[in-house]
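K.L.:
My questions all concern the structure below.
The values are calculated or read from the model by the stated rules, or taken from the named source; none is laboratory data. No experiment lies behind these values; they were computed from the predicted model shown. A quick note on method: Cβ atoms are made from the backbone with ideal geometry, for glycine too, and the neighbour counts reach across all protein chains shown. Side chains are part of the model used for accessible areas, which takes the heavy atoms of the whole protein and leaves out ligands, DNA and RNA. Shrake-Rupley method; radii C 1.70, N 1.55, O 1.52, S 1.80 Å.
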Amino acid sequence: MHGNSVRGIEKGDQITAAAGLDLARSCVPEGGDRIRLASSPRGIERIEARFHGNGFSPHRHDTYALGVTMSGIQTFSYRGSSRFSLPGRVIVLHPDELHDGGAGTEDGLVYRMVYLPPSLIAEACGQTAGSLPFVADPVVTDVGLRAALLDVLEDLVHEPQSMLMDDALTRIAAGLCRNASVAPGRVGPTAHRAVLMCRDYLDEHCEETVSSGELEELAGMDRYELARQFRRVLGTSPHRYLVMRRLDRARRELRAGTGLAEAAAAAGFSDQAHFTRHFKKTFGMTPGRWTALSRAS
């Protein structure tokens, strides 16, 4: 959902023209509301929009527009029908489909969207661009797809790490295929061996910065196919597996009496805030509280 001018962009989230953000595809409210903008590599754009009333006149994108309604009621016209989305629902707008956008009540609306080039979805699906998944219903209730979208929309200040983005793209593509009734693939013996090799590599190098390119070279397959096969074999993504091994290392450091910042650095997290965010998302409490409780027991 996108226009031609931006008003009320939050300080710190502003992406200038020099940063290369293509506002021609940005859904931008026309009133006194605001929009937060972020950018990512590979032609990906992310936004958070907050507005009241009618936000956007009919327009279309050359990307997939995928998002989550955060609060309020999101209304829009799409493929000849009036649609609405409630908080927690996922919006799926196919490239080149005309739509508008607005808030359904006086309370206003907040939503977050990511704009993905079709070529990325095609690559992540393992299909040709002519076989892009088409989701007929633009408002879906899909927990897995919503979680994948929020992984790349949770933090609009920083760009997602490459392995996180690759994993999210794979899960987003899988969610689109799932809702488009495209059958999943299977795991062959070669892929199984490749996954276990990558698992062992992540075990050995969990404190280091591991790139998708390293795993591609090791596995002999592209990053999206590896992410799909990794999840089929081990039930999680390479990125998530790496984070969990880092958290295991950090907890060992904490039990040994190491301070939070030192434990975060030893485990390979970029800083203490990064460590705390992942720790709380995984264990439901801060590392400081976990340490206090474990020492008390």
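K.L.:
May I have the extent of the alpha carbons of segment 96-226 along their three principal axes, as whole Å values ordered from largest to smallest?
P.N.:
54, 34, 23
K.L.:
Given a 1.4 Å probe and every protein chain left where it sits, what share in percent of the accessible area of segment 89-184 is carbon and sulfur?
P.N.:
Ligands and nucleic acids excluded, carbon and sulfur reach 51 percent.
K.L.:
Nearest 20 debye, what's the magnitude of the dipole of segment 98-254 about its Cα centre given +1 on Lys and Arg Cβ and -1 on Asp and Glu Cβ?
P.N.:
Values: 17 positive and 24 negative charges, 143 e Å.
Around 680 debye, computed over segment 98-254.
K.L.:
Sort H52, H239 by accessible area with a 1.4 Å probe, largest first. Don't jump to the answer; show the numbers that get you there.
P.N.:
Details: H52 100, H239 20 Å².
From most exposed to least exposed: H52, H239.
K.L.:
Between A180 and L234, take the C-beta separation as r, use R0 = 45 Å, and let me know the FRET efficiency to the nearest 0.05. Display every interim value, and only then the final one.
P.N.:
Details: r = 26 Å, r/R0 = 0.57.
Computed FRET efficiency for A180 and L234: 0.95.
K.L.:
Looking at P58, M165, L93, which one has the Cα that reaches farthest to the positive end of the dipole of segment 53-170 (charges on Cβ: Lys, Arg +1; Asp, Glu -1)?
P.N.:
It is P58, whose Cα lies furthest towards the positive end.
K.L.:
Whole Å is fine, so just give me how far the alpha carbon centre of segment 86-130 lies from that of segment 162-229.
P.N.:
Their Cα centres are 24 Å away from one another.
K.L.:
Provide the convex hull volume over Cα atoms per residue for segment 197-293, in Å³. Don't jump to the answer; show the numbers that get you there.
P.N.:
Values: hull volume 9.1 nm³, N = 97.
Cα convex hull per residue, to the nearest whole number: 94 Å³.
K.L.:
Rounded to the nearest 10 Å², what accessible area does R223 show when all protein chains are kept and the probe is 1.4 Å?
P.N.:
Approximately 70 Å² of R223 is accessible to the 1.4 Å probe.
K.L.:
In nanometres, what is the gap between the two model label sites at M285 and R193, each 7 Å from Cα along Cα-to-Cβ?
P.N.:
In this crude spin-label approximation the distance works out to 4.5 nm.
K.L.:
Any idea how far apart H158 and E106 come out in nm if each label point goes 7 Å out from Cα toward Cβ?
P.N.:
The two pseudo-label positions are separated by 4.2 nm.
K.L.:
Take the Cα coordinates of segment 58-128, assign each an equal point scatterer, and use the Debye formula without solvent to give log10 I(q)/I(0) at q = 0.23 Å⁻¹.
P.N.:
-1.01
K.L.:
Taking 7 Å along the Cα-to-C-beta vector as the label spot, tell me the S119-D200 distance in nanometres, rounded to one decimal.
P.N.:
3.6
K.L.:
Hey, what's the per residue convex hull volume over the C-alpha atoms of segment 236-297, in cubic angstrom?
P.N.:
Values: hull volume 4.7 nm³, N = 62.
Dividing the Cα hull volume of segment 236-297 by its residue count gives 75 Å³.
K.L.:
What is the calculated FRET efficiency for R42 to R79, with r their C-beta to C-beta distance and R₀ = 22 Å, to the nearest 0.05?
P.N.:
Details: r = 28 Å, r/R0 = 1.27.
For R0 = 22 Å, the calculated efficiency reads 0.20.
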